[in-house]
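Reading through the structure tokens given below for one structure.
The values are calculated or read from the model by the stated rules, or taken from the named source; none is laboratory data. Not measured: the values here are computed from a predicted model. Don't worry about glycine lacking a Cβ; one is built from the backbone with ideal geometry, like all the others, and counts go over all protein chains shown.
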Amino acid sequence: MTVLRDICIYCKKEMGKEDGDGVEGDTGSICEECWEKRFPGVPYPVEEERRSQVSSKSTDTRISLGQLVFTRGVNDKVADNTQFAQFVTESLRRHAKGDWGDLCQEDKQENEFSLKEGFRLLSAYERNGLPKIWIITEADRSATTILFPDEY
């Protein structure tokens, strides 16, 4: 059996292991402690079993984010630029609430349809002086990826 270790990209804490299905190595995500430091006020994505235990009064989010994934480019920029890190945090909050950001009306309507039907969601956010980001939540809500459009 091959093993994939889930490692926090910030503190390097091992968060778990799973069958790598032929691939061995490390995957990166964010532990709960590092999440709280970087995304205050945004609920930590929880496993499906724990989701039902989270009080609905604790959040006004519309979307379960699943595992949060940063591309290397976004991760490096977050680590190096506090203003960009705050922008990403605010954008993630908006995405979780169903504010699709800087999309045309037709794409916003598509997201509302996709939210109801269980399809993939895409948001785009821009701010003067900072690079544009996309946030994509998978159809099964298992993961949300933050990336630059040229990394797609």
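Filter the range 63-102 down to residues that are among the hydrophobic types (A, V, I, L, M, F, W, C) and farther than 17 Å from LEU130 by Cα and give me whichever is farthest from the chain's Cα centre (by Cα). It comes out as TRP100.
Checked against (1) modelled with pLDDT of 90 or more; (2) under 20 Å from PRO40 (Cα atoms), THR59 meets all criteria but (1). Each residue in the range 90-120 was checked for being of a type in the set (D, E, K, R), outside any helix (DSSP H, G or I) and closer than 15 Å to GLU138 by Cα, and 1 of them qualify. Note on the range 118-137: residues that are free of Cβ contacts under 8 Å to residues at least 12 places away in the same chain and basic (Lys, Arg) amount to 0.
Can you find a residue that is farther than 21 Å from ILE9 by Cα and outside any helix (DSSP H, G or I) anywhere in the range 142-149? No. Identify, by number, the condition in (1) of a type in the set (Lys, Arg); (2) part of a loop (DSSP other than H, G, I, E, B); (3) out of contact with any Leu (no Cβ under 8 Å at 6 or more places or on another chain) that ARG62 doesn't meet. Result: ARG62 passes all but (3).
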